[in-house]
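Undergrad: My structure is below; once you've seen it, I'll send some questions.
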Amino acid sequence: MTTTATRPGSGRSRAAIMAKTLRTDRWWLPPLITFVGLAAWVTYATVRVFMHKWFFVEDYHYLTPFYSPCLTDRCPSEAALFGTPLPSFWLIPEAAFTLPFLLLFRLTCYYYRKAYYRAFWLSPPACAVPDGHSKYSGETRFPLIFQNAHRYAFYAAVIISVINTWDAIIAFHSPGGGFGFGLGNVILVGNVVMLWAYTLSCHSCRHIAGGRLKHFSKHPVRYRFWTFVSKLNTRHMQLAWITLGTLALTDFYVMAVSADWFSDLRFVG
Ligand code: FES
């Protein structure tokens, strides 16, 4: 049922709608799926990060991305690219220096913001559905103003992607030394490729590549990079979910081989 009301100060009238929402479709389904998906992933990742075992396959040098770079006393020397400066206290993750930045990168990501504002904070849960909160200050005040630091988290994510790439390269290792190649390598490399695609598709990356330019014609290299990033950027949401999948799959595979639940399928070495 609708009547007409005047918006304060606007001089214009708009429909005063008594119903909470006039949407009759299943608008609640996408936020529900997002909630279940993100909650499941965060639960799995938290359990794994604090498990402190089954993170490295010594024979093949497979290191799960959740433990990279490995920095505590628990890390075998082959997995400790930067030494082991941290003690083995259970509250300290092996990748204590990188996980906070990765968390910040995803938390401040433009796509994830939309996803968790809708699914967790109901702010709002969907288009044309009222906000679950009476007040709304957007991202203009503490603490959400820090969402604007996303660009700096992006810089950190680039460095971490380089480390993940190196992990994938040195995992071409056979138990006897020298070159080796197995299904684990396919999974590790696939994960790294997807991580780069997600990282480079970032909105901040797109702005860094082509923002504030007056004439693309005078910056052909930046223009080409911006064009490439722009194409990736249209798939940012998909890449955000795909990388959650590849990260979990990579971690699970390394855990399973490390725990001897099954053996790595070897092609060479
Ligand atoms: Fe999603 Fe930057 S906008 S990672």
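Undergrad: Can you bin the chain into rounded, prolate or oblate? Criterion: square roots of the alpha carbon gyration tensor eigenvalues sorted a ≥ b ≥ c, rounded for a/c under 1.5, prolate for a/b above b/c, oblate for the rest.
TA: Prolate is the answer for the chain, as a/c is 1.5 or above and a/b outweighs b/c.
Undergrad: Comparing Tyr111, Tyr136, Tyr62, which has the greatest mean-square fluctuation in the GNM of the chain with Cα pairs linked when under 10 Å apart?
TA: With Cα springs under 10 Å in the chain, the top fluctuation among Tyr111, Tyr136, Tyr62 is at Tyr136.
Undergrad: Also, quick follow-up: At R0 = 41 Å, how high is the FRET efficiency between Glu78 and Glu139 if r is their beta carbon distance? Nearest 0.05 is fine.
TA: 0.40
Undergrad: Is there a pair in Lys135/Lys214; Lys20/Lys114; Lys114/Lys231 whose C-alpha atoms are over 32 Å apart, and which pairs would that be?
TA: Lys135/Lys214
Undergrad: Place a point 7 Å from the Cα of Asp25 along the Cα-to-Cβ direction; which residues of the range 102-133 have their backbone N under 13 Å from it?
TA: So the set is 126-129.
Undergrad: Can you pull out the cysteines in the chain that have no other Cys Cβ under 4.7 Å?
TA: Taking the Cβ cut-off of 4.7 Å, the unpaired cysteines of the chain are Cys109, Cys127.
Undergrad: Would you kindly calculate the translational diffusion coefficient of the range 1-140, applying Stokes-Einstein with the Kirkwood radius from alpha carbon pairs, for 20 °C and a viscosity of 1.002 mPa s, and quote it in µm² s⁻¹ without decimals?
TA: Answer, rounded: 113 µm²/s.
Undergrad: Please give the net charge around His173, taking every other residue with its beta carbon less than 15 angstrom from that of His173, where Lys and Arg add +1 and Asp and Glu add -1.
TA: Surrounding charge for His173 is -4.
Undergrad: Let me ask something additional. Using a 1.4 Å probe, what is the accessible area per residue for the chain, in Å²?
TA: 58
Undergrad: Within straight cross-link reach of Lys53, meaning Cα distance under 28 Å, which lysines are found once same-chain residues fewer than 8 apart are removed?
TA: none
Undergrad: Given the Cα-Cα distance of Lys231 and Ile33 and 0.36 nm per residue of separation, how much length would full extension add, in nm?
TA: That works out to 68.7 nm of additional length.
Undergrad: Still on this structure, I have one more. Given the options Phe179, Phe142, Phe82, which has the most mean-square fluctuation in a GNM of the chain, springs set between C-alpha atoms less than 10 angstrom apart?
TA: Phe142
Undergrad: Which whole-number value in Å³ per residue fits the convex hull of the alpha carbons of the range 117-269?
TA: Output value, Cα hull per residue: 184 Å³.
Undergrad: Calculate for the chain the 222 nm mean residue ellipticity that helices alone would give, adding -39,500 (n - 2.57) per DSSP H run of length 4 or more and normalising by residue count, nearest 500 deg cm²/dmol.
TA: After summing the helix terms and dividing by the residues of the chain, the value is -15000 deg cm²/dmol.
Undergrad: With springs only between Cα atoms under 10 Å apart, run a GNM on the chain and tell me which of Ser88, Ser204, Ser137 wobbles the most.
TA: Ser137
Undergrad: Give the carbon-plus-sulfur fraction of the accessible surface of the chain in %, rounded to a whole number; probe 1.4 Å, heavy atoms of protein chains only.
TA: 67
Undergrad: Report the FRET efficiency, 1/(1 + (r/R0)^6), for Ala197 and Val162, where r is their Cβ-Cβ distance and R0 is 22 Å, rounded to 0.05.
TA: The pair Ala197/Val162 has a calculated efficiency of 0.90.
Undergrad: Starting at the first residue of the range 45-52, write each ³J(HN,Hα) from the Karplus equation 6.51 cos²θ - 1.76 cosθ + 1.60 with θ = phi - 60°, in whole Hz, x for Gly and Pro.
TA: Karplus-based 3J(HN,Hα) across the range 45-52 equals 4, 5, 4, 5, 4, 9, 6, 6 Hz.
The values are calculated or read from the model by the stated rules, or taken from the named source; none is laboratory data. All figures in this text were calculated on a predicted structure; none of them were measured in a lab. Cβ coordinates were reconstructed from backbone atoms using ideal geometry, including for glycine residues, and neighbour counts include every protein chain displayed. The protein model used for the area step is the full one, side chains on, heavy atoms only, and it has no ligands, DNA or RNA in it. Shrake-Rupley method; radii C 1.70, N 1.55, O 1.52, S 1.80 Å.
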